[in-house]
Amino acid sequence: MAESGDRSDESAGEEPAQRPTAGRRPRARTRRGRPPSITDVATLAKVSYQTVSRALNGHPNVRPETRLAVLGAIEQLGYRPNNVARTLVTGRSRTLGVITLDVDDTDGLTPLYGIEHSARELGYYVGIGNLDYVDRASVGAAVDRLAEQSVAGLLVIAPIEAASDALAALP
């Protein structure tokens, strides 16, 4: 991986063309057409991918100048961490599952907005399982779908007795 390969426009003295976005830099593509990876960041910053990981996770043993080099490479490449890869490595998805009844008005969405906002502030994502009926089969299917996403926790927004009965009947 040649370092100059990811910055071919710089060698010609031109800045790459970028579309404006709402406060976010467009995600760059490598020469191979894929999004930049942690190894691309490491190559550009002239550090190991482990050092990039430590810098991203706020590890205290990363020198300030190394952290700045990593953050500069991240900015230049438009790198975004891959949550799927992180989940595979750590075994933790940082995703919360929410099971709710079919919501047909905006008032019913209010709890979901609050849950998503709070989860986001804590660095979590939210996956939603929507129920048409509160019965054992529907709740079980929603729980199974969310479990396949390796959710860290599960919240249920449904009539208490019906949801409790359906959840209690699950293995």
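Structure notes:
- Accessible surface area normalised per residue over the stretch 36-171 is 62 Å², counting heavy atoms of protein chains with a 1.4 Å rolling probe.
- Residues whose placed amide H lies under 5 Å from that of Val126, excluding near-sequence neighbours: Leu96
- Table column - 3J(HN,Hα) (Hz), the stretch 113-125, Karplus curve with 6.51, -1.76, 1.60, x for Gly and Pro: 4, x, 5, 5, 4, 5, 4, 4, 4, 9, x, 10, 9
- Rounded percent of accessible protein surface that carbon and sulfur make up, the stretch 61-171, 1.4 Å probe: 56 percent
- FRET E, pair Asp132, Ser37, Förster distance 41 Å, beta-carbon r, rounded to 0.05: 0.50
- Burial order of peptide ranges 56-64, 32-40, 139-147 (average beta-carbon count within 10 Å, highest first): 139-147, 32-40, 56-64
- Built amide H within the under 5 Å cut-off of Leu131, gap 5+: Thr100, Leu101, Asp102
The values are calculated or read from the model by the stated rules, or taken from the named source; none is laboratory data. This is a predicted model, so every value here is computed, not measured. Because the Cβ atoms are built from the backbone with ideal geometry, glycine has one as well, and the counts that use them run over all protein chains shown. Surface accessibility is based on the protein's heavy atoms, side chains included, excluding ligands, DNA and RNA. Shrake-Rupley method; radii C 1.70, N 1.55, O 1.52, S 1.80 Å.
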